[in-house]
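The values are calculated or read from the model by the stated rules, or taken from the named source; none is laboratory data. Quantities reported herein were computed from a predicted structural model and do not represent experimental measurements. Cβ coordinates were reconstructed from backbone atoms using ideal geometry, including for glycine residues, and neighbour counts include every protein chain displayed.
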């Protein structure tokens, strides 16, 4: 009987910390959205010379972060941000979706940026990683500064060194893997 109790205690001592560690996520993202730099435009009254001219556009600015000048697509994105600021991101197929270099990575490097509505949308950034030729990337880093807990209305952006956002994570509100 004593051996069974010790075995149970040992089992609980190993399994409980593992289950607690599995639930230490601040926010998770599953899926990604590539950027379309312009969200809308107003055309000049069409004539033969102005039929293709747009007089003004609304740029696709997300919480103060500017888009790049070209469309980008992403095949998949998974991200997990822990309470301690550790972030793991796996992105697949982040490539140009238009222009003369369509389907290429433009030699870009990217970082993950978390924005939380309850801290004034401070930029919580990871370090930079290069995009592979096929647009894949992995980030395993700490966000600086440390994000707040809770992180209300979390937005995850994938940005280039100049700060433009190329893709956004889709919040996994159920925190499923």
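Please verify whether residue 51 is modelled with pLDDT under 95, in a loop (DSSP other than H, G, I, E, B) and either more than 16 Å from residue 162 (Cα to Cα) or under 21 Å from the mean Cα position of the chain (by Cα) (or both), treating the condition exactly as stated. So residue 51 fits the description; yes. With respect to (1) assigned to a strand (DSSP E or B); (2) surrounded by 17 or more Cβ atoms within 10 Å (Cβ to Cβ), the lone exception for residue 138 is condition (2). Cβ-Cβ below 7 Å, separation at least six or inter-chain, first residue in segment 101-118 and on the phi > 0 side of the Ramachandran plot and loosely packed, with under 14 Cβ neighbours inside 10 Å, second outside any loop (DSSP other than H, G, I, E, B) and at pLDDT 95 or above: which pairs? Final answer for the pair search is 103/95; 103/96. Of everything in segment 71-93 that is in contact with a strand residue (DSSP E or B) (Cβ under 6 Å, 6 or more places away or on another chain) and in a loop (DSSP other than H, G, I, E, B), the residue that is surrounded by the most Cβ atoms within 10 Å (Cβ to Cβ) is 74. Taking the criterion of being farther than 15 Å from residue 165 by Cβ and in a strand (DSSP E or B), the only residue of segment 96-129 that qualifies is 129.
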